[in-house]
Structures are given as C-alpha cells and as structure tokens.
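Here the structure comes first, spelled out in structure tokens, and everything after it is commentary.
The values are calculated or read from the model by the stated rules, or taken from the named source; none is laboratory data. Remember, predicted model here, so these are calculated numbers, not experimental data. Here the Cβ is made from the backbone with ideal geometry for all residues, glycine too, and neighbour counts use every protein chain on show. Just so you know, the surface numbers come from the protein's heavy atoms only, side chains and all, with ligands and any DNA or RNA stripped out. Shrake-Rupley method; radii C 1.70, N 1.55, O 1.52, S 1.80 Å.
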Amino acid sequence: MIWMLLILLLPLVALLYRPVWFRPETNQQSEENLRLYQERTNEVKSSDLNDTEQAALQLELDREFLASADARQSSADKTSGSWLMLGSMAAIALLGSMLLYSFWGSDNALRASALLDKGEQVELTTPERQELIQRLAAEAQHDPDNLEWAYLNARLLSASGEYHRATEAFASILDALPDDASADRAATLTLMAEAQFFAADQQADESTYALLDEALTLNPQSRQALGMAGILAFELGKHERAISHWKALWQGLPEGPESQVLAQGIHRAAEQLESQGITVDLSWLERVRLTITVDITAEARAAVAPDDLVFVLAKAVTGPPMPLAVQRLKVADLPTQVILTDAQAMAPGMTISGFDQLTLIARVSRTGQPTAQPGDWQDERSPVSNRDTDVQTLTIQTRVN
C-alpha cells in the first residue's frame, strides 16, 4: 500500500526537486529535508503498525514534506501556473490515496469492524446485519489469505440462518487451511457439519456425520463434535457409535443437569441395542469416587509447619500432566480422609472418570504451589484404577530433592 502512495507522489517530488537544481542557495536545505523524509518513511515501513495505520502516518509525512517544500518556495519567483500545478499534484496525491484506500478495502474493513463492535454491545438491526454480512464477504474475497474475515463471515451467515451459504463459506475456509492446522480444521469441520445439518432441516445424513467423524479424528476431545456426532449416529441407527461418542463427552462432564440429560440419551441408545439382542455394559455411568486416607510420618511432620498446605491430587498415568482432581488441606489436619470426584476437576473435560488409570499423590508444599518443589514432602501410589472402591492410603514420608 505504501509503495503505491509513493508512486503517486513521484511527480510531486520531481516538481519539488526542480527548484533545487535551479536554485543552488536552497540545495543544502532541500537535501536535508529529503533525508529526514526518507528516514521517517523507512521507520514507518519497519514499524509493527498495520497497513491502515502505516498508510495514515505516511500520508502525514507526505503532507509535512509538501509543507516544507512550500515554505522554501514561497519566496521564489514562481508563476501562477507553477503554483496551480503544485496544488493540483497535492490534490491528486491525496485523492489517489483515498481511492486506493477504498480499492483495497480499508473503508470496508473499518466499517465491518465498527459493526462487529456495535454487535457486541447491542443487537444489530436487520439492515445492519445484512450490511455486515456483505462487508465481511467482500473483505474475505478481497483478502483471501486473512481467514479471520472469512471465519467471521461464515459464523454470521450461520447465526443468521443462511445455512447453505454458511456451509459453502466453511468449505472455502477448509480448503485454505493447511493440513497441519489440526485444531482449526477440526473446529471448521464441526461448524460446517452444524450448518449443513440445519440446512437439511435437521435431518441426519452420512455426509454430515462424516464431517464430524473427521473432526473427532483431529480433535477427539471436542465437546461440540462429540455431542453432535452422538445425535447424528443415533438418528442414523449407529447406536454403538452414539454411545461411544456420548461416553467420551459424559466422562468429561462434572455431575449436573447436562450430564444427567446425556446419560438418558445413552440409556436410550443402549435400549435400542438390547432390543436387537446386544448386551451393553453401562457400569461406567456410575460416577468415580475415590476414598483416600492421608497421613504423615513423624520425621516429615517435624520438617514442615502445621500451616503448610497439603495437596491431595489425582493425575492420569498416561495423559495430560495437569491434575484431574485436587483437594487442599493443612498439615495440622492430618491424619484425615478425603474423597476425590469429578466435581474437583481443574479444567472442563478433564475428570477422573475419563481416565482408567490414575496416580494418587499427597504432597506438603513449602511454597504453597501444587507442583513439586525441592524441600516438599510427599507420597504417591500408581497405578490406581478409577473404579477401585477400596480405601487408598497415602503416608507423606519422602522428601523431594
């Protein structure tokens, strides 16, 4: 964008150079102004500002340069035609920059951004929503490498009920995404499947289910894809697949209304299979409840303070390093018994019900942090089945080096 503006200014710069050649007394000042102008232009080009901001700054530099040129020539013996030429060239440069801004979509992008900002505060009117869709589509077409505009356009089309257009927009995004962008491709596939599902009046079909299946291959933990894949699998008579999808989703949910509704769907799918003579084991629908007795040896107690924190936590033997369930105590509370459940999950979708084999840890933290540090004392037991109903015992006795 900047170089095009400079091309428009070349005739003007040439005009400004004319008195430099024919008026030696102003040559030194002209060269100094030009050097400063070029330095500041280079600084703008190398800045972290976006194209719009850089263009605005460059335009200001151009105006300053013109102003200094006018001052130097104010005492020169110039004809009225020369001054008219100078003003005309300045007007051409300014008008050209405005036209280029319009051509490259800067005005369009600014207006779209303004509508998006307004939409976060109040509901847009129908004309505003239609204008936003048009501007987002234009910006996505104008700058196809910037997928953010295309993504916003597709989401807005879907939210507006234009599901066929939304499906096409998501398909275009999918074509543009690199193969190694697994998370983005999975999210796009899921949204495309959702738009396609509603475009078909919420009738399940194999092609929509295939989109979700591909999304789950890329991101098996996607709650949105798991839930929708379960619904489509159930409608298509794939009841075992439906249970598989919903099981993965249910195990990542804490106890609550959402997990209860999901459990009802799982039972309905199991009933369909049992009516066909297929036995279904749903024992995993019982929530995990681990009972742990926590104690500390006399040696460890003497090395720590009564108010030091004690973290009792469960981690997956193979899986994410972050704890799946945590309970916090003090050394003065020991010995005691604690219970770990899905309600103590540290992050959505990461529960002890979702991982069969666990590592149980009880740790005295000298720093107040749950991660092990030198000087902490702890005990651990691994592996422990998340279905083990026996009371587990952890006795804090080992110093962390």
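Output the residue which, of all residues in region 281-292 that are touching a residue at least 40 places away in the same chain (Cβ under 8 Å) and assigned to a loop (DSSP other than H, G, I, E, B), is surrounded by the most Cβ atoms within 10 Å (Cβ to Cβ).
V288
With (1) part of a helix (DSSP H, G or I); (2) open to solvent by less than 20 Å² (accessible area, probe 1.4 Å); (3) touching a residue at least 24 places away in the same chain (Cβ under 8 Å) as the list, and I231 as the residue in question, which single condition is left unmet?
(2)
Check region 208-221 and report whether any residue there is open to solvent by less than 60 Å² (accessible area, probe 1.4 Å), assigned to a loop (DSSP other than H, G, I, E, B) and in contact (Cβ under 8 Å) with a residue 12 or more places away in the chain.
Yes, region 208-221 contains a residue that is open to solvent by less than 60 Å² (accessible area, probe 1.4 Å), assigned to a loop (DSSP other than H, G, I, E, B) and in contact (Cβ under 8 Å) with a residue 12 or more places away in the chain.
Could you give every pair whose Cβ atoms fall below 8 Å, whose first residue belongs to region 154-166 and is outside any loop (DSSP other than H, G, I, E, B), and whose second residue is open to solvent by 50 Å² or more (accessible area, probe 1.4 Å), counting only separations of at least 6 or pairs across chains?
Short answer, once both residue conditions are applied: L156/R129; L157/Y163; L157/R165; S158/E194; S158/F198; Y163/F198; A166/R155.
Tell me, please, whether a residue that is more than 30 Å from Q369 (Cα to Cα) and part of a loop (DSSP other than H, G, I, E, B) can be found in region 261-276.
Yes, region 261-276 contains at least one residue that is more than 30 Å from Q369 (Cα to Cα) and part of a loop (DSSP other than H, G, I, E, B).
Does region 247-265 include one or more residues that are surrounded by fewer than 18 Cβ atoms within 10 Å (Cβ to Cβ) and hydroxyl-bearing (S, T, Y)?
Scanning region 247-265 turns up no residue that is surrounded by fewer than 18 Cβ atoms within 10 Å (Cβ to Cβ) and hydroxyl-bearing (S, T, Y).
If E240 satisfies all but one of (1) open to solvent by less than 60 Å² (accessible area, probe 1.4 Å); (2) part of a helix (DSSP H, G or I), what's the number of the condition it fails?
(1)
For region 303-311, indicate whether the set of residues that are of a type in the set (G, A, S) and on the phi > 0 side of the Ramachandran plot is non-empty.
Taking every residue of region 303-311 in turn, none turns out to be of a type in the set (G, A, S) and on the phi > 0 side of the Ramachandran plot.
Take Q378 and decide whether it is within 36 Å of the chain's Cα centre (by Cα) and either under 15 Å from A314 (Cα atoms) or open to solvent by 40 Å² or more (accessible area, probe 1.4 Å) (or both).
no
Can you tell me which residues in region 363-380 are under 16 Å from P335 (Cβ atoms) and in contact with a Ser or Thr (Cβ under 8 Å, 6 or more places away or on another chain)?
Selection gives W377, Q378, D379.
Filter region 331-354 down to residues that are in contact with a Pro (Cβ under 7 Å, 6 or more places away or on another chain) and assigned to a strand (DSSP E or B), then give me how many there are.
Here the count works out to 1.
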